[in-house]
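*Asks:* Please read through the structure below; I'll follow up with questions.
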Number of protein chains: 2
Amino acid sequence: MLRRGFQVAGRLSQHRVLPGVPQVLPRLILTSTFGSSTDSLVSRFCLEKTGLKDYALPNASWCPDMLSLYHELQEKTKTDGWVKLPSFKSNRDHIQGLKLPLGLAVPSDERDWRIFTRCIQVEGQGYEYVIFFHPSKKKSICLFQPGPYLEGAPGFAHGGSLAAMMDETFSKTAYLAGQGLLTVSLSIRFKHLIPVGSLAVLNVDVEKIEDQKVYMSCIAQSRDQQTVYAKCSGKEVLSPSPRLCPATITHRTNGRKNAEDAVPSRDPAS
Amino acid sequence: MLRRGFQVAGRLSQHRVLPGVPQVLPRLILTSTFGSSTDSLVSRFCLEKTGLKDYALPNASWCPDMLSLYHELQEKTKTDGWVKLPSFKSNRDHIQGLKLPLGLAVPSDERDWRIFTRCIQVEGQGYEYVIFFHPSKKKSICLFQPGPYLEGAPGFAHGGSLAAMMDETFSKTAYLAGQGLLTVSLSIRFKHLIPVGSLAVLNVDVEKIEDQKVYMSCIAQSRDQQTVYAKCSGKEVLSPSPRLCPATITHRTNGRKNAEDAVPSRDPAS
């Protein structure tokens, strides 16, 4: 979802200019953004000293499997090129961390905005997860531990909570690996239920980047790989199309009043 | 997810008997459950006087579109065969409402369990939704209003929140229409972003029931049908297969300790 927030203006292709909203963001800014390399994107994404709470850090709710695999992967960040991605309360915070040009900043809003996968802030009750990304391999590993607020069948994670976790991991990966913008398709085959409180390991690969789309795959399984929870494939649009990034790019206020005026297209082919 | 909760014992097909867990639920009970008609299932699902809070009722956060369409559909419950489904905090509450045989009851647990789509209880911040079901047409309409805790791109609902809403609507519909058990596949094509605070109308149809599966489709769009947010197809397994409902059906405690011992299969073909 980061690249979604990061490219919000690009996605906010309006069919009309919203009232009271300044027209900003010449195409030049977006172009320079898209010119960044993966390494540069990762560096900017992982800026330290943002003053923001990183929710992708161990806490007392993490199960032993989650904790030990986290430390194992942390070791690999020192030697094997893996990068641990920070995870803030909102994509708005990620945008802030990226120090985007002023024109891309999201207007202030009094509401308590949260990225969906950080909607529950009580440790262990909702989503516990951390994503590690490998820039040169263009793959990610997401450690996901669903809490009791993510329940579907009693004692097990709701399929939708796993779908959202996969979408979020695709999003971050697609942005950093290929500057993907938005998820346009997601196809999931569920195999086994994930017990609440246990670890699911999501291995995400960028299969190819073609026709302005990032093609991705994911397999979610137990740490010992003996149980496959689900398999998933997805596509993300890669760069601003005429529909996604029109000559006149407009910003929007996020007030309720205008909510229904703003319906950006995800898929240029739609 | 209801039919998930309702049929939890059927789904909890274990490869081994869990320690300390009584062996209960002869096949007869499941068979009689599956022998129920849609009308009977709906009647039991919609039992009043449960003493449980129904979250699928209007509150001050609902936007005018959501509110007016809710009232329009409520009118159709009186004249056109539509049924408004209640929505409790947890599928455990739905099981309670269904007055299942004692053996099917979920063991008590001190944790605050919540169905994922009711994980946020502050009005307007998370999921606001209500599902109407039509027993003879075997279709549902879900009114969905994402709040600011469901954000992806700034100002818009996370794709994963819509995926979960679709999965949940599929689940309830599949159970009531065809006694579907578990989602085994979900394929979503995203078209446009849903502005936070606005209404998305999900129209769900049961396409066919074949080969022990319920085949479903969903289109999510604006009330005026001018904007398609996403299209989705999904499959739910229909009845206990030898893998889903073995001769020895076991119950499980939902304690963390045993979480990783219990990995029921969703798909008998997996």
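*Asks:* What are the residues in region B:157-176 that are under 12 Å from the mean Cα position of the chain (by Cα) and not β-branched (Val, Ile, Thr), if any?
*Replies:* B:Ala164, B:Met165, B:Met166, B:Asp167, B:Glu168, B:Phe170, B:Ser171, B:Lys172, B:Ala174, B:Tyr175, B:Leu176
*Asks:* Also, I was wondering about something else. Against the conditions (1) surrounded by fewer than 19 Cβ atoms within 10 Å (Cβ to Cβ); (2) in contact (Cβ under 8 Å) with a residue 24 or more places away in the chain, where does A:Ser217 fall short? Just the number, please.
*Replies:* All conditions pass for A:Ser217, except number (2).
*Asks:* Anything in region A:186-202 that is open to solvent by 10 Å² or more (accessible area, probe 1.4 Å), in a strand (DSSP E or B), within 7 Å of chain B (Cβ to nearest Cβ) and over 14 Å from B:Ile188 (Cα atoms)? List them, or say none.
*Replies:* Listed by number, the list holds a single entry, A:His192.
*Asks:* Going residue by residue through region A:150-173, is there one that turns out to be open to solvent by 10 Å² or more (accessible area, probe 1.4 Å), facing chain B (nearest Cβ under 9 Å) and over 20 Å from A:Arg223 (Cα atoms)?
*Replies:* no
*Asks:* Now a separate question. Might you let me know whether region A:223-238 holds any residue that is more than 9 Å from chain B (Cβ to nearest Cβ) and at pLDDT below 90?
*Replies:* Yes, the conditions are met somewhere in region A:223-238.
*Asks:* Considering only region A:193-201, I want to know if a residue exists there that is out of contact with any Pro (no Cβ under 9 Å at 6 or more places or on another chain) and within 23 Å of B:Ser233 (Cβ to Cβ).
*Replies:* No, region A:193-201 contains no residue that is out of contact with any Pro (no Cβ under 9 Å at 6 or more places or on another chain) and within 23 Å of B:Ser233 (Cβ to Cβ).
*Asks:* While we're here: Which numbered condition in (1) over 14 Å from the mean Cα position of the chain (by Cα); (2) at pLDDT below 95 is the only one that A:Thr183 fails?
*Replies:* For A:Thr183, the exception is condition (1).
*Asks:* Select from region A:209-222 the residues that are assigned to a strand (DSSP E or B), at pLDDT 95 or above and not β-branched (Val, Ile, Thr) and list them in ascending order.
*Replies:* Listed by number, the residues that qualify are A:Tyr215, A:Met216, A:Ser217, A:Cys218, A:Ala220, A:Gln221.
*Asks:* Moving to a separate point now. Go through region B:125-149 and count every residue that is open to solvent by 10 Å² or more (accessible area, probe 1.4 Å) and over 17 Å from the mean Cα position of the chain (by Cα).
*Replies:* Of the residues in that region, 4 qualify.
*Asks:* Name the single residue, out of those in region A:110-145 being of a type in the set (A, V, I, L, M, F, W, C) and within 9 Å of chain B (Cβ to nearest Cβ), that is nearest to B:Gly160 (Cα to Cα).
*Replies:* So the first thing to find is which residues in region A:110-145 are of a type in the set (A, V, I, L, M, F, W, C), and the list is A:113, A:115-116, A:119-120, A:122, A:130-133, A:141-144.
Filter once more, keeping what is within 9 Å of chain B (Cβ to nearest Cβ): A:113, A:115-116, A:119-120.
Working: A:Trp113: 16, A:Ile115: 11, A:Phe116: 8, A:Cys119: 12, A:Ile120: 15 Å.
Result: A:Phe116.
The values are calculated or read from the model by the stated rules, or taken from the named source; none is laboratory data. Model, not experiment: these values are computed from the prediction. Glycine gets a Cβ as well: all are built from the backbone with ideal geometry, and neighbour counts include every protein chain shown. What goes into the accessible areas is simple: the full protein's heavy atoms, side chains included, and nothing from ligands, DNA or RNA. Shrake-Rupley method; radii C 1.70, N 1.55, O 1.52, S 1.80 Å.
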